[in-house]
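Some notes on the structure that comes next.
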Amino acid sequence: MHDIIKFKIITDSKVNLLKDINFFLSYFETDNVSSPDIILKIGKFEPSNEGCFLVDHKYYIKDNYFYCKDQEGRAKWEVEIFGFEEGQAMINFHGRVLGLEQVLIPDYLAQNLILRPLIELKLLERGYTVIHGLGIEKKGDAYIFAARGGAHKTRLAMDAIRCGKYRLIGDDRILLGKDRQVLSYPLFYNLVMFRAERLRDEHISSFLDKVKMARYISSRHNRKNTNKIFADRSKLKKMFLVARKEGYDNISQRRINLDDAVIRLVRSNQMEMTSSGISSLGFVHFLKYMLAYCYVFPESEIGGYWGDLRYSLKETLIDLPLYEIELPYKYTQSILINLANSYDGGGIINEII
Amino acid sequence: MTETRYFNIHNIVKFRIEDNSNFINRKMFGGIFEEYINYFSDEIREEDLDFIVTISRKIKPKPSCYILDDKYYIDRGYLYTEDSYKLAKWRIEIIPNEDKYMINIEPNNLARFFISGFFIDFIIQYILTKKGYSILHSSGVSKNGLAYLFSGRGGSGKTSIGIHLVSSEGEYKFLGDDFIIVHRGYTHPYITPLNLFTYNLNPFLLKNLNRKKRAMMFFKKVLYSLTRGYAKFFTKLNPREAFPEKIGSKSKLSKVFIILPRNTKSDDGFTLKSISKTEAVEYVTHNQMMDSPYLPVYITQYGFLFPTDELARYWETYRNNLVQNLPDTVRFYLIYLSLSSDINKSFDKIKMVIENE
């Protein structure tokens with residue numbers, strides 16, 4: 001991942017129909033990595049959880065180590081993390097989802113539940129923060145729309161690409177480095193490519209479209225074309241905190257102060273660590289694992305994580321124009337036009353229509 | 001028909017629960033009131049209430065809210081969401097009204113079991129915190145007007161140590177098994193029914209269980225094994241009925257023990273060390289943060305929109321209160337407890353630490 005962090009996934013699952021969805025971080029796939037920072041092994045394992053502290057009958061914790069058996073809704077899993085706090089991390093994961101996901105995307109749960117949040121912990125150690133939101137780029141300038149789920153992020157992203165003036169940094173995650181350097185962090189990048197290249201709008205109407213999509217994302221692609229659509233490096237120009245409001249037809253915008261913005265971004269990241277990404281599997285779990293670890297080792301790196309994140313965000317965002325935006329409940333293309341107007345005085349309206 | 005009850009916890013927190021669910025649900029799936037059975041009160045004037053919980057048949061979000069993650073409806077001072085745990089499902093709405101909170105909950109039948117643990121407990125804690133009190137997830141005993149608390153997560157043995165001391169020789173009184181209220185160096189007992197499962201049942205408690213409860217307990221154990229741990233139901237025992245002569249009163253806080261259980265096979269199953277107040281505050285705060293699974297998450301969502309509101313700053317207030325309410329004269333200890341060692345021996349060692357002063 002941008003030469004900041006290297007990870008390796010080893011899985012024992014044989015079926016792999018929807019590769020890009022199963023490995024949603026495949027944008028960062030390379031042929032080989034030497035000495036990875038994180039190794040994720042998916043498959044049965046024997047835990048080495050002797051001599052652990054036991055929290056709530058279920059979390060096994062010792063220095064730099066975490067193990068538990070857990071379940072929620074249709075999913076059940078067992079996970080072990082060596083190097084939870086520092087050094088090279090090694091994850092053993094064995095889990096099942098009762099449902100179609102198990103066949104189509106057998107390795108998704110492990111990555112979304114454990115790998116993704118663990119990457120975020122390790123990124124912060126290296127001075128990078130992850131923002132949950134949409135990022136678009138124009139002539140090297142990055143605009144970030146931080147938001148919780150359901151705030152039209154993906155639709156906005158796709159319409160922004162289609163209008164031809166923007167490239168995508170990420171439609172759900174953005175990587176923010178020192179000196180306002182913005183790095184791409186696309187999830188499901190082939191899905192984004194497919195939508196950008198083959199669909200005229202976000203409405204996947206026919207069954208045929210779905211079949212095409214499935215074919216597209218399960219076939220091999222040439223990574224060379226991605227830079228038409230994705231912007232790997234850019235400079236943060238403005239940041240917006242976005243929320244959707246019911247019974248509301250306009251877009252309203254106001255300046256907000258740094259302290260509030262930073263707390264809000266931290267809250268958003270905390271919420272992200274409670275979500276699994278699989279529907280009907282609501283409240284999970286990495287945040288709980290972190291809490292359990294902090295409970296046993298309050299002085300640990302993990303115990304200081306949220307404070308460090310706050311500090312790091314504050315350093316990066318100081319003196320940057322920060323806004324809060326309310327978006328209408330229903331999505332229309334005019335939202336993008338209005339947003340564009342709000343930060344660069346328009347000029348692209350005609351091209352979009 | 002509506003069933004209404006008033007509750008008063010030491011004149012500190014006063015609330016009302018209104019149950020509007022139908023008669024059959026109430027009979028089959030239990031009442032919501034039993035958890036606070038020791039704090040039943042006569043009617044309380046509306047303006048003295050801190051919060052009102054209404055179990056409703058139908059609730060929906062108020063219009064023109066912010067919507068986060070497609071399921072949290074939030075406006076300043078207002079929160080609505082739908083959520084679930086295993087097969088339990090609920091809708092919940094929190095509305096501040098003048099100086100009190102109104103909480104509407106629409107549970108499905110299974111969710112009735114969790115209303116007190118998931119929501120009402122936390123709201124009581126929230127009100128206590130707001131009023132400058134601290135609440136510690138711990139069990140507690142008192143002797144000669146001095147209080148000793150045992151803070152720990154589930155499975156740490158905090159209930160067992162409390163019961164062990166109360167049932168042993170030496171005039172120990174019971175202060176509570178789940179939450180202890182602390183204010184300016186003094187503890188207030190908070191007696192709720194004990195949640196018994198086979199692993200925390202000792203001879204003293206067994207003696208106090210009637211035949212019906214013993215049978216229920218056996219049945220629940222079988223159910224637990226059959227469902228491989230999915231269906232876990234506790235048996236309730238109210239200490240105020242079971243051993244009324246052993247219930248303590250307001251006492252001066254003397255010692256706090258933080259218990260961390262360990263799965264080692266080594267023989268030194270018990271380690272005790274003195275820790276600073278600062279360290280203890282961290283343990284206690286994290287313990288509390290892990291304890292309520294849902295409302296803290298809702299508060300975090302709320303904090304995404306209104307980061308400086310009282311509601312969003314709850315944990316900050318909680319930590320500050322602890323620093324205020326735990327005086328510097330209190331001694332703090334950390335205990336590593338091996339699960340394979342003889343637990344009663346370890347308890348006797350704790351008793352020695354309490355009595356050696």
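Only the coordinates and a few stated rules stand behind these numbers; no lab work does. Computed from a predicted structure; not experimentally measured. Neighbour counts run over all protein chains shown; Cβ positions are idealised from the backbone, glycine included.
Within 10 Å of each Cβ in A:288-297, how many Cβ atoms from other chains are there, averaged over the peptide?
Mean partner shielding for this stretch: 4.
Between segment B:1-53 and segment B:146-207, how many Å separate their Cα centres?
So the two Cα centres are separated by 25 Å.
Considering Cα pairs under 8 angstrom that are at least six residues apart, work out the relative contact order of chain A and quote it in whole percent.
Details: 632 pairs, mean separation 62.8, N = 353.
Computed value for chain A: 18 percent relative contact order.
Work from the charge dipole of the protein assembly as shown (Cβ charges, +1 for Lys and Arg, -1 for Asp and Glu, about the Cα centre) and give the residue of B:Leu326, A:Gln102, A:Ser252 farthest towards its positive end.
A:Gln102
Sort the following peptides by mean Cβ neighbour count (other Cβ atoms within 10 Å, averaged over residues), highest first: B:121-129, A:159-167, A:304-312. Before the final figure, lay out each step's value.
Working: B:121-129: 21.9, A:159-167: 19.7, A:304-312: 15.6.
The densest-packed peptide leads the list: B:121-129, A:159-167, A:304-312.
Mind listing the Cα extents of chain A along all three principal axes, in Å, largest one first?
Cα extents, longest axis first: 66, 48, 42 Å.
Cα-Cα over 30 Å: which of A:Lys8/A:Lys165; B:Lys130/B:Lys277; B:Lys71/B:Lys232; A:Lys212/A:Lys288? Don't skip to the end; give the middle numbers.
Working: A:Lys8/A:Lys165 35 Å; B:Lys130/B:Lys277 22 Å; B:Lys71/B:Lys232 28 Å; A:Lys212/A:Lys288 39 Å.
Beyond 30 Å: A:Lys8/A:Lys165; A:Lys212/A:Lys288.
At what distance in angstrom do the alpha carbon centres of segment A:68-111 and segment B:231-288 lie from each other?
Taking the Cα centre of segment B:231-288 as reference, the centre of segment A:68-111 is 32 Å away.
How large is the dipole of segment B:15-148 about the Cα centre if only Lys and Arg carry +1 and Asp and Glu carry -1, each at its Cβ, rounded to the nearest 20 debye?
400 debye
Determine the calculated [θ] at 222 nm for the protein assembly as shown from helices alone, applying -39500 (n - 2.57) to every DSSP H run no shorter than 4 residues and normalising by the residue count; nearest 500 deg cm²/dmol.
Working: 21 runs with 208 residues, N = 710.
The helix contribution divided over the protein assembly as shown gives -8500 deg cm²/dmol.
What percent do you get for the relative contact order of segment B:101-256 when only Cα pairs under 8 Å and 6+ apart count?
25 percent
What list of ³J(HN,Hα) values in whole Hz, one per residue of segment B:143-156 in order, does the Karplus curve 6.51 cos²θ - 1.76 cosθ + 1.60 (θ = phi - 60°) give from phi, with Gly and Pro shown as x?
Using θ = phi - 60°, the values come out as 8, 6, x, 10, 10, 10, 10, 10, 9, x, 7, x, x, 8 Hz.
Specify, per residue and in Å³, the volume enclosed by the convex hull of the alpha carbon atoms belonging to the protein assembly as shown. Mind showing how you got there, number by number?
Working: hull volume 121.0 nm³, N = 710.
Convex hull of Cα atoms, per residue: 170 Å³.
Could you let me know the centre-to-centre spacing of segment A:223-261 and segment A:161-178, using Cα atoms, in angstrom?
Here the answer is 9 Å between Cα centres.
Using θ = phi - 60° and the Karplus curve 6.51 cos²θ - 1.76 cosθ + 1.60, what whole-Hz ³J(HN,Hα) does each residue of segment A:110-126 get, with Gly and Pro shown as x?
4, 6, 6, 6, 10, 5, 4, x, 5, 4, 5, 4, 6, 5, 5, 4, 9
Straight-line reach only, C-alpha to C-alpha below 17 angstrom: list the aspartates and glutamates that B:Lys246 could link to, leaving out same-chain residues fewer than 8 apart.
B:Glu169, B:Glu171, B:Asp177, B:Asp178
Does segment B:139-184 come out rounded, prolate or oblate by the C-alpha gyration tensor, with a ≥ b ≥ c the root eigenvalues, rounded set by a/c under 1.5 and, if not, prolate when a/b is larger than b/c and oblate if not?
Oblate, because a/c is 1.5 or more while a/b does not exceed b/c.
Suppose we keep just the DSSP beta bridges with both residues in segment A:1-136; what percent of those would be antiparallel, to 5? Before the final figure, lay out the partial values.
Numbers: 23 of 33 bridges.
Counting only bridges with both partners in segment A:1-136, antiparallel ones make up about 70 percent.
According to the square roots a ≥ b ≥ c of the eigenvalues of the Cα gyration tensor, what is the shape class of chain B, taking rounded for a/c under 1.5, prolate for a/b larger than b/c otherwise, and oblate for the remainder? Each step should come with its number before you reach the end.
On the way: a/c = 1.67, a/b = 1.36, b/c = 1.23.
Verdict is prolate for chain B.
From the residues A:Ile136, B:Gly176, B:Leu165, which one has its Cα farthest along the dipole of the protein assembly as shown in the positive direction, the dipole being from +1 and -1 charges on Cβ of Lys/Arg and Asp/Glu about the Cα centre?
A:Ile136
Sort the following peptides by mean Cβ neighbour count (other Cβ atoms within 10 Å, averaged over residues), highest first: A:120-131, B:4-15, B:237-248.
Working: A:120-131: 19.8, B:4-15: 17.8, B:237-248: 16.1.
Averaged packing, sorted descending, gives the order A:120-131, B:4-15, B:237-248.
Just checking the output field for B:272-282: average partner chain Cβ neighbours within 10 Å of each residue's Cβ? Could you put the intermediate results ahead of the total?
On the way: counts 0, 0, 0, 0, 0, 0, 1, 2, 1, 1, 6.
So the per-residue partner count for this stretch is 1.
I'd like the Karplus ³J(HN,Hα) series for segment B:319-330: coefficients 6.51, -1.76, 1.60, θ = phi - 60°, whole numbers in Hz, and an x wherever there's a Gly or Pro.
Using θ = phi - 60°, the values come out as 5, 4, 4, 4, 4, 6, 7, 9, x, 5, 6, 6 Hz.
Put +1 on the Cβ of each Lys and Arg and -1 on the Cβ of each Asp and Glu in segment B:199-316; which of B:Ile258, B:Ile275, B:Val297 then has its Cα farthest toward the positive end of the dipole?
So the residue furthest toward the plus end is B:Ile258.
Write out the GluC sites (Glu not before Pro) in segment B:1-109 meeting two conditions: DSSP loop, and at most 10 other Cβ atoms within 10 Å of their Cβ. Could you put the intermediate results ahead of the total?
Values: sites: B:Glu3, B:Glu18, B:Glu34, B:Glu35, B:Glu43, B:Glu46, B:Glu47, B:Glu82, B:Glu93, B:Glu98; in loops: B:Glu43, B:Glu98.
Answer by residue number: B:Glu43, B:Glu98.
Nearest 5 is fine: what % of DSSP beta bridges in the protein assembly as shown come out antiparallel, could you say? Write out the running numbers ahead of the final one.
On the way: 107 of 157 bridges.
So the antiparallel bridges in the protein assembly as shown amount to around 70 percent.
Restricting the count to DSSP beta bridges whose residues both fall in chain A, what percent are antiparallel, rounded to a multiple of 5?
For chain A, the DSSP antiparallel bridge percentage is about 65.
In peptide B:151-160, how many Cβ atoms from other protein chains are near each Cβ within 10 Å, on average?
Across B:151-160, the average partner-chain Cβ count within 10 Å equals 3.
Going highest first, how would you order A:142-153, A:259-270, B:331-342 by mean Cβ packing within 10 Å?
A:142-153, A:259-270, B:331-342
Running a GNM on chain B with Cα contacts under 10 Å, which residue among B:Asp69, B:Asp178, B:Asp50 ends up with the highest mean-square fluctuation?
B:Asp69
Amide H of B:Tyr133: which non-local residues (sequence gap of 5 or more, or other chain) have their own amide H closer than 5 Å, using H built in the peptide plane?
Sorted by chain and number, the residues that satisfy this come to none at all.
List the residues, sorted by chain then number, that are 5 or more residues from A:Tyr323 or on another chain and whose placed amide H is less than 5 Å from its amide H.
Excluding prolines and chain starts, which carry no amide H, the hits are A:Met239, A:Phe240, A:Leu241, A:Ile256.
Can you tell me how segment B:87-147 classifies by the Cα gyration tensor, rounded, prolate or oblate, using a/c under 1.5 as the rounded cut?
Note, shape of segment B:87-147 comes out oblate.
Over chain B, what relative contact order in percent results from Cα pairs under 8 Å that are six or more residues apart?
15 percent
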